[in-house]
Amino acid sequence: QVTLVESGGGLVQAGGSLRLSCTLSGRAFSGYAIAWFRQAPGKEREFVAGISRAGVSESYAESLKGRLTISKDSRSNTVYLQMNSLKPEDTAVYYCAARFSTVSTRFNDYNGWGQGTQVTVSS
């Protein structure tokens, strides 16, 4: 059983930055691809970014490229999502997810989820 815990969400003004953290425990960190998804009220959960098991391959939602950076620290079993130039439409609950395989953009492919962290961007 893999456990993921997110942190780093909060309230920020448009144009600001946040760094989200996702710490994994319970299994070998190197065996999992980790992804971030987000879900706004009334909308479906959508893929934001993902990083491969080895941490050498990154994937981003096309609409968010250029504003996000995903990274992995194997010493602390933590994946980070740096978000810059935030917009009000980025407001959502952000979830990290683990998959014992390659990165997928489909949330149904993941079997480990964190509890989510709220990001609110004010205009």
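What the table shows:
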quantity	calculated
Strands (runs of 3 or more DSSP E) fully within region 68-123 counting 1 or more residues that are open to solvent by less than 50 Å² (accessible area, probe 1.4 Å) and farther than 17 Å from CYS22 by Cβ	117-122
In region 24-44, the residues that are within 22 Å of THR91 (Cα to Cα) and either outside any strand (DSSP E or B) or not aromatic (Phe, Trp, Tyr) (or both)	ILE34, ALA35, ARG38, GLN39, ALA40, PRO41, GLY42, LYS43, GLU44
Candidates GLN13, GLN1, filtered to the one that is farther than 15 Å from VAL79 by Cβ and at pLDDT 95 or above	GLN13
Candidates ARG27, ARG19 - the one that is open to solvent by 60 Å² or more (accessible area, probe 1.4 Å) and either more than 19 Å from ASP109 (Cα to Cα) or of a type in the set (Phe, Trp, Tyr) (or both)	ARG19
Residue list for region 36-66, filter: closer than 14 Å to PHE107 by Cα and either in contact with an Asp or Glu (Cβ under 9 Å, 6 or more places away or on another chain) or open to solvent by less than 20 Å² (accessible area, probe 1.4 Å) (or both)	TRP36, PHE37, ARG38, GLN39, VAL48, ALA49, GLY50, ALA61
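For (1) farther than 15 Å from GLY8 by Cβ; (2) small (Gly, Ala, Ser); (3) at pLDDT below 95, each residue gets a yes or a no:
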position: ILE34; (1), (2), (3): no, no, no
position: ARG38; (1), (2), (3): no, no, no
position: GLU62; (1), (2), (3): yes, no, no
position: VAL79; (1), (2), (3): no, no, no
position: LEU86; (1), (2), (3): no, no, no
position: CYS96; (1), (2), (3): no, no, no
position: SER101; (1), (2), (3): yes, yes, yes
position: GLY112; (1), (2), (3): yes, yes, yes
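The values are calculated or read from the model by the stated rules, or taken from the named source; none is laboratory data. The shown structure was predicted, so the numbers you read here are calculated from the model rather than taken from an experiment. Here the Cβ is made from the backbone with ideal geometry for all residues, glycine too, and neighbour counts use every protein chain on show. The area values use the complete protein model at the heavy-atom level, side chains included, leaving out ligands, DNA and RNA. Shrake-Rupley method; radii C 1.70, N 1.55, O 1.52, S 1.80 Å.
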